[in-house]
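Chemist: There's a structure below that I have some questions on.
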Amino acid sequence: MRVRSPRLVAALAAAGIGLGSALLGAGPAMAATVPTLTGPASVVGWNWATLHGKADPGATIRLREAAYVYRDDMYYSEAFFPEDVVTATADANGDFTLRRRLDSGFVFVAEANNTVALRSAPLYVGIVPKPTLELSVSGTNVSVRVVSEPGQAFLPVKIQRQSGSTWQTLVEGQTETEGVYQTVLTGQSGAQNYRASVGPDDANRVLVGNSVVVGINGGQPNPPTDPTTPPTTPTKPPTTTPTKPPTTSPTKPPVKPAPAPLVVKPGDVRFSLIVFDPAGKDTTSKLNQEYFRITNYTSKTFNLKYWTVKDRAGNTYRFTTDFYLRGKKNVYIPTGKGTNGRPSNYRYWGRKGFIWDNGGDSAYLRTGTSKLIDSCRYTKNSKGKTYC
């Protein structure tokens, strides 16, 4: 039920401050310093990037961000995790520190004193996938399961086998919605070493990450013994005659084929309703009467973890935990506070003020990899709600 976006209010305030300074004849000596911002070139896995900067002592610093793929559409960061630090005050030396957890490549800007003219140069931070590789052997077939951290979909995957001092790519594919890739290698025999390579994805500033090496049939040697540890005396073998093994060969279990990747496409999951102006007087007690609804129009089940909904002003709701949206079902997200799961298909934004603009707004639904799945636009003529 927001009439004017926070971004516009901030811009008007900044313009007013600038005009007042000009009328008072503020000299160059009073000019504020544009902050600087530095940080790592990349992080490994779903991890935090710690950012450092310099600004005028006492300056209030706010972090602005965007997933790398949407780097031209930045917005003020929100603290989704207790370890996130998205605002800071520069100390007596002008130093400040910010921290943000990454689930993709990101771009960051530090802004001082809510002033557009006091924004640092952009800082780009990539992400290196941290894949794990699981192998299961049945005869000459090897079932492969790769789980990439973070759990992004559509990342390139290579399953490689060691050949001397090099790696031979046996099969290529891409991760599913939750960063999982599965396949079956046939005709594998003898001692072999394998690894999974995930990435790159230049559009999302995702680099290449390799799993640890996993061997089969004795292919992966044991790590060397710590030379500081004295060798232990081997256990004396038993003197009793071992039981004779059965003469019949056990039946080999059938190889379970890998499931097809679960891919979500634009239009599979969509906005179906936005109530942006509940009837009656605007009071905070009615915050939960302002809400949006998302519907799964397929028969599949999608995990919406790390999916985001963002309005035109950059206010962002994020599914921070597992939420499985089954086929033909809805999930409701009211603007105010409440207990998630009460009712079972409700998740609460937890805001203290109205979000959706009465005069018209846009909503954007993206996966955890920032892939745009749906959008919904309405105008002031939509009479309080819109069926997207």
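The values are calculated or read from the model by the stated rules, or taken from the named source; none is laboratory data. All values reported here derive from a predicted model rather than from experimental measurement. Positions of Cβ are backbone-derived with ideal geometry, glycine not excepted, and every protein chain shown enters the neighbour counts.
Chemist: Output the number of the condition that residue 88 fails; it satisfies all remaining conditions of (1) closer than 27 Å to residue 372 by Cα; (2) modelled with pLDDT of 95 or more.
Modeler: Only one criterion in (1) closer than 27 Å to residue 372 by Cα; (2) modelled with pLDDT of 95 or more is unmet by residue 88, namely (1).
Chemist: Right, residue 376: at pLDDT below 90, surrounded by 14 or more Cβ atoms within 10 Å (Cβ to Cβ), within 16 Å of residue 271 (Cβ to Cβ) and hydrophobic (A, V, I, L, M, F, W, C) or not?
Modeler: no
Chemist: Looking at region 187-209, which of its residues are crowded, with 17+ Cβ neighbours inside 10 Å and more than 19 Å from the chain's Cα centre (by Cα)?
Modeler: Across region 187-209, the qualifying residues are 188, 192, 194, 195, 196, 197.
Chemist: Hey, can you tell me all the residues within region 265-321 that are closer than 24 Å to residue 102 by Cα and in a loop (DSSP other than H, G, I, E, B)?
Modeler: 265, 304, 305, 306, 307, 312, 313, 314, 315, 319, 320, 321
Chemist: Of all residues in region 275-299 being over 20 Å from residue 362 (Cβ atoms) and surrounded by 15 or more Cβ atoms within 10 Å (Cβ to Cβ), which is modelled with the lowest pLDDT?
Modeler: 282
Chemist: Here is a follow-up. Being surrounded by fewer than 20 Cβ atoms within 10 Å (Cβ to Cβ) and assigned to a strand (DSSP E or B) is the filter here; which residues of region 89-106 pass it?
Modeler: 89, 95, 97, 99, 101
Chemist: Within region 33-88, which residues are among the polar types (S, T, N, Q) and outside any loop (DSSP other than H, G, I, E, B)?
Modeler: Hits for region 33-88 are 36, 38, 42, 47, 50, 60, 87.
Chemist: While we're on this one: From the list 155, 185, which residue is farther than 21 Å from residue 217 by Cβ and not small (Gly, Ala, Ser)?
Modeler: 155
Chemist: Among the numbered conditions (1) assigned to a strand (DSSP E or B); (2) more than 23 Å from residue 35 (Cβ to Cβ), tell me where residue 110 comes up short.
Modeler: (2)
Chemist: Continuing with the same structure: Inspect all residues belonging to region 115-136 and state whether any of them is in a loop (DSSP other than H, G, I, E, B), exposed (fewer than 15 other Cβ atoms within 10 Å of the Cβ) and touching a helix residue (DSSP H, G or I) at 6+ places or on another chain (Cβ under 8 Å).
Modeler: yes
Chemist: Separate question: Can you tell me which residue among 327, 336 is assigned to a loop (DSSP other than H, G, I, E, B), of a type outside the set (Val, Ile, Thr) and surrounded by fewer than 19 Cβ atoms within 10 Å (Cβ to Cβ)?
Modeler: Within the list 327, 336, the selection yields 327.
Chemist: Residue 370 is checked against (1) small (Gly, Ala, Ser); (2) in contact with a Gly (Cβ under 8 Å, 6 or more places away or on another chain); (3) buried (at least 16 other Cβ atoms within 10 Å of the Cβ) and fails just one. What number does that condition carry?
Modeler: (2)
Chemist: Right, something else. Only one of (1) hydroxyl-bearing (Ser, Thr, Tyr); (2) at pLDDT 90 or above; (3) touching a helix residue (DSSP H, G or I) at 6+ places or on another chain (Cβ under 8 Å) fails for residue 68. Which number is that?
Modeler: Failed condition: (2).
Chemist: Kindly check whether there is at least one residue in region 152-169 that is of a type in the set (A, V, I, L, M, F, W, C), surrounded by 20 or more Cβ atoms within 10 Å (Cβ to Cβ), within 27 Å of residue 301 (Cβ to Cβ) and at pLDDT 95 or above.
Modeler: The answer is yes; a qualifying residue exists.
Chemist: Which of (1) assigned to a loop (DSSP other than H, G, I, E, B); (2) out of contact with any Asp or Glu (no Cβ under 7 Å at 6 or more places or on another chain); (3) at pLDDT below 90 is the odd one out, the single condition residue 261 does not satisfy?
Modeler: (2)
Chemist: Would you point out the residue of region 343-364, among those that are crowded, with 17+ Cβ neighbours inside 10 Å and within 21 Å of the chain's Cα centre (by Cα), that is farthest from residue 283 (Cα to Cα)?
Modeler: Among residues in region 343-364 that are crowded, with 17+ Cβ neighbours inside 10 Å and within 21 Å of the chain's Cα centre (by Cα), the one farthest from residue 283 (Cα to Cα) is 364.
Chemist: Sticking with this structure for a sec: How many of the residues in region 316-349 are polar (S, T, N, Q) and modelled with pLDDT of 90 or more?
Modeler: 3
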